[in-house]
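Asker: Next up is a structure, given as structure tokens.
The values are calculated or read from the model by the stated rules, or taken from the named source; none is laboratory data. Note that the coordinates shown come from a computational prediction; the quantities given were computed from them, not determined experimentally. Cβ atoms come from the backbone with ideal geometry, glycine included; neighbour counts cover every protein chain shown. The area values use the complete protein model at the heavy-atom level, side chains included, leaving out ligands, DNA and RNA. Shrake-Rupley method; radii C 1.70, N 1.55, O 1.52, S 1.80 Å.
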Amino acid sequence: MHKRTKVKMTFFVILVGMASMFTAVVTDHWAVLSPRVEQVNATCEAAHFGLWRLCKKVIYISEADYNGKGCGPISLPGAENCTYFKHFTPGDESEIFEVKTQKEYNISAAAIAIFSLAFMILGTLCLLCSFKKGNDYILKPAGMFFAFAGLCAIISVEVMRQSVKRMIESEETIWIDYSYAWSFACACAGFCLLFLSGLGLLLLSMPRMPQNPWESCMDAEHEVE
């Protein structure tokens, strides 16, 4: 298969990875939280959140099986109220969760995700420039940028995972149960596609290996002349 065709196929995979990562960044279904249901025929408040926003949903519980368990599932009908995290407002306490360190985790995850988007943009610019004749050398920085974007994506995922784990283990919160949702899955998919595609571009940017030993010998003879 021709090298340019391989690059175009890799670029298509990169576009899918970029779409997955962008979807994860702008949506707020990274994790779903639920408190304990104390009594039946009452309401409980579940929540789902992302990098920028927390949405709380009031759900009416009428089944006895939920008594003493977590509130939800979040797909049940109910009134929803969403608030944006005040990450960068000095002197203003955010209503992320009831733990102060939770804000620090969320700021870190959001900042690293922005770095991922920046690397994706730089990689795309380099890759588009490499399509011009004689610019194959730009494939190497493009591959590095996409690989860095993938690494930032998985670091953001891990920071968010530690954030949820720390919050659930804290005695200061009402949440007893959690699950990761589709935005979290999109971020993981973005990491896999971007990182592997970046490595693929790096391999494509390497000089072609000789098909047989005679090619190396022929090149050596030309150098001697």
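Asker: Between Thr83 and Lys140, what is 0.36 nm times their sequence separation minus the Cα-Cα distance? Round to one decimal in nm.
Answerer: Values: separation 57, 0.36 × 57 = 20.52 nm, distance 4.18 nm.
The Thr83-Lys140 span can extend by a further 16.3 nm.
Asker: Using a 7 Å offset from the Cα along the Cα-to-Cβ direction at both Arg161 and Tyr60, what is the distance between the two label points in nm, to one decimal?
Answerer: Distance between label points: 3.9 nm.
Asker: Please list Arg4, Arg166 from largest to smallest accessible area, probe radius 1.4 Å, with all protein chains kept in place. Walk me through the numbers before you get to the answer.
Answerer: Details: Arg4 80, Arg166 115 Å².
Ranked from most to least accessible, the order is Arg166, Arg4.
Asker: Accessible surface of Asp28 in the full protein assembly, 1.4 angstrom probe, to the nearest 10 Å²?
Answerer: 20 Å²
Asker: Heads up, I need the accessible area for Thr10: 1.4 angstrom probe, whole protein in place, Å², nearest 10.
Answerer: For Thr10, solvent-accessible area is about 20 Å².
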